[in-house]
There are 2 protein chains.
Amino acid sequence: MNYTTEHIARTLRKAREAKGLSQRELGRKAGVPQGHISKIENGAVDLRLSSLIALARALDLELALVPRKSLPAVKSLVRGSLAEVIGDARLTPRPLYSLDEEGDD
Amino acid sequence: MNYTTEHIARTLRKAREAKGLSQRELGRKAGVPQGHISKIENGAVDLRLSSLIALARALDLELALVPRKSLPAVKSLVRGSLAEVIGDARLTPRPLYSLDEEGDD
DNA sequence: GTATATTATATAGATTAACATATTAAGTCT
DNA sequence: AGACTTAATATGTTAATCTATATAATATAC
């Protein structure tokens, strides 16, 4: 639904592919069934925080709440440190996730 | 349940208080009923991503998935930029959120 | 002591995530 | 073609969020 949600879904998929994991393998590590991962990556569900954390953990990612005004700094920082996990910068104009003022649907 | 979830809950509460908002006011801005915010801040629910995003947005926070190894850099960065929102550094040993290997009870 | 404001709890109902499992589809390889 | 792997979908069931509303608890005023 949300642009945000979709972007997180894309980030998860990119991170999984970057690590060379199949949905089933990731599912085993994270304790989430493959079918559900598919739905998550396709933005078909509004997943719960515990699921997001489990997946992030299995992908060596951390969930962070950062002040919006310091987002740019975080973005450039992350982009520099490991473009592989986040994905190619050309493909992801907004590094990990960004939240527009409004008007997404 | 999770240490992680609890930490995010605490972060949300701190951010709300830092902005001088009541649960009801935040609820109006985020479209989440006050009662539910209470439960979220107390870690009584495994909230959905859409709820987390709605609250973060109303608090001028952004949700980010950062590589674990670049977390320290992000932490110090955020800590420096606005200690008010995150809270007093002395009170929050781990800036915003951190995910231990395991062993949370 | 009586208002007022904020937060914590409670109940009931609607929606849906999450699970297990299976199957389909699509790609790769020998 | 057949065997294999991966991903997308489907069904049915369970468990939980989420909403609305109301109330209790707690503090802070007047």
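Measuring label to label, 7 Å along Cα→Cβ, what does B:Gly31 give against each other copy in nm, shortest first?
In ascending order, 3.1 nm.
Once R0 is set to 25 Å, what does the formula 1/(1 + (r/R0)^6) return for the Cβ-Cβ distance between A:Asn42 and B:Asn42, expressed as a FRET efficiency to the nearest 0.05?
Given R0 = 25 Å and the Cβ-Cβ separation, E is 0.15.
Once the Cα gyration tensor of segment A:19-63 is diagonalised, what are the square roots of 5 times its eigenvalues, in whole Å and ordered largest first, as equivalent ellipsoid semi-axes?
14, 13, 9
Find every distance from the label point of A:Lys19 to the corresponding label point in the other copies (7 Å from Cα along Cα→Cβ) and write them in nm, one decimal, shortest first.
Nearest first, the other copies' label points are 3.2 nm away.
Only the coordinates and a few stated rules stand behind these numbers; no lab work does. Bear in mind that the values here come from a model prediction, so they are computed numbers and not experimental data. Ideal geometry is used to build each Cβ from the backbone, glycine not excepted, and the neighbour counts take in all protein chains shown.
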